1. How many residues are open to solvent by 30 Å² or more (accessible area, probe 1.4 Å) and either touching a helix residue (DSSP H, G or I) at 6+ places or on another chain (Cβ under 6 Å) or at pLDDT below 95 (or both) when one looks only at segment 95-113?
2. With the structure loaded, tell me whether R14 is open to solvent by 20 Å² or more (accessible area, probe 1.4 Å) and touching a helix residue (DSSP H, G or I) at 6+ places or on another chain (Cβ under 9 Å) or whether it fails that test.
3. Would you call A142 closer than 15 Å to I185 by Cα and open to solvent by less than 50 Å² (accessible area, probe 1.4 Å)?
4. Do you know which residues across segment 52-70 are farther than 13 Å from V101 by Cβ and part of a loop (DSSP other than H, G, I, E, B)?
5. Taking the criterion of being under 16 Å from the mean Cα position of the chain (by Cα) and within 16 Å of ligand 2 (Cβ to nearest atom), would at least one residue in segment 88-98 satisfy it?
6. Please list, ordered by first then second residue, the pairs with beta carbon atoms under 7 Å, 6 or more apart or interchain, first in segment 193-212 and in a helix (DSSP H, G or I), second of a type outside the set (S, T, N, Q).
7. Can you tell me which residues in segment 40-89 are of a type in the set (G, A, S), more than 16 Å from D223 (Cα to Cα) and surrounded by 19 or more Cβ atoms within 10 Å (Cβ to Cβ)?
Amino acid sequence: MIPIKNKDGIARMRESCAVAASVLHELKKRVFPGVSTYDLDQAARELIAQHGARSACYGYQIGSRRYPAYSCISVNEEVVHGIGTLKRILREGDIVSLDIVVQYNGYIGDNATTVKLGQVPARVDELLSVTEEALAIGIRHATVGNRIGDISEAIQKFVESHRFSVVREMVGHGVGQSMHEEPQIPNFLDRKKSKTELIRPGMTLAIEPMVNLGGYRTKTLSDGWTVVTSDGTPAAHFEHTVLTTDQGPEILTIPRLEQPATAKAAAS
Ligand code: MF3
Ligand code: CO
């Protein structure tokens, strides 16, 4: 069963998603050459705490393994679930996926983005813009009356038309009181579209294209978490949590307008 959120659930999803988006927005500003992925993860921990939220990644359990970090930071050929380490120092030319999942007031907000450090090869630049656009296209298809397969198909077609590949082994997902709820949202059409779930109002969906520059295959490193491309080519990842409504999809993971000292100073 796909959970349908009521008014209260939607209000809480707005809050958790705004926090997730603000943390991601702040974290992006801290990505520079010379910074380690451990530093970034610690920054994520602090930012999440400042919002009075909790990292939904930290301690997240799959089988007997618990995720050991506060965020997922995946560099270059790392697709998702990278664990920040002091050894990985970011350099000019890297691309870095930042994935922030928070729990706030009982509800989860999930979003991710990929940023580049300085100049990257043209094809890598294209990988980033195509993946971001694929997310926008997927979101546009999250309309009431459509099926989940419409999202999957639209993302896959767009990505493959640019000669990139969509990751098969991981998928987007419903999100709410749990990080992973029904439905699964593959970034490729894995069965007849008519067999995929019908979209109704009040669903909260984490749509997240993961796109490889080379082949679609991935493998998991011996740390048990970090997913990398099998052929070592770079990968990009963009994600939003989206609410489905009769008026169309609404992106929930938008940072709240900052109300910092600068705004007050300008007003006085
Ligand atoms: N956005 C990722 C997902 O949807 C976050 C996973 S976090 C971890 O699966 F806990 F698995 F690390
Ligand atoms: Co997700």
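The values are calculated or read from the model by the stated rules, or taken from the named source; none is laboratory data. In this text the structure is predicted, and so the values were computed from the model without any measurement. Cβ: placed from backbone, ideal geometry, glycine included. Neighbour counts: every protein chain shown. Keep in mind that these areas ignore ligands, DNA and RNA; they rest on the heavy atoms of the full protein, side chains included. Shrake-Rupley method; radii C 1.70, N 1.55, O 1.52, S 1.80 Å.
1. Here is the first cut: in segment 95-113, the ones open to solvent by 30 Å² or more (accessible area, probe 1.4 Å) are 103-106.
Of the ones still in play, those that are also either touching a helix residue (DSSP H, G or I) at 6+ places or on another chain (Cβ under 6 Å) or at pLDDT below 95 (or both) are 104-105.
The qualifying residues number 2.
2. No: the conditions fail for R14.
3. yes
4. Restricting attention to segment 52-70, the residues satisfying the condition of being farther than 13 Å from V101 by Cβ are 52, 61-66, 68.
Within segment 52-70, G52, G63, S64, P68 qualify.
5. Pass one, segment 88-98, residues under 16 Å from the mean Cα position of the chain (by Cα): 95-98.
From the residues that got through so far, the ones that are within 16 Å of ligand 2 (Cβ to nearest atom) too are 97-98.
Yes.
6. K193/R147; K193/G149; K193/D150; K193/E153
7. Applying the first criterion (of a type in the set (G, A, S)) to segment 40-89 yields 43-44, 49, 52-53, 55-56, 59, 63-64, 69, 71, 74, 82, 84.
Next, from what is left, pick out any that are more than 16 Å from D223 (Cα to Cα): 43-44, 49, 52-53, 55-56.
Answer for segment 40-89, where residues must be of a type in the set (G, A, S), more than 16 Å from D223 (Cα to Cα) and surrounded by 19 or more Cβ atoms within 10 Å (Cβ to Cβ): A43, A44, A53, S55, A56.
Quick grid of which residues meet (1) within 16 Å of ligand 2 (Cβ to nearest atom); (2) within 22 Å of V79 (Cα to Cα); (3) of a type in the set (D, E, K, R):
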site	(1), (2), (3)
P121	no, yes, no
G138	yes, yes, no
N146	no, no, no
V166	yes, yes, no
G176	yes, no, no
P186	yes, yes, no
K193	no, no, yes
E197	no, no, yes
G215	no, yes, no
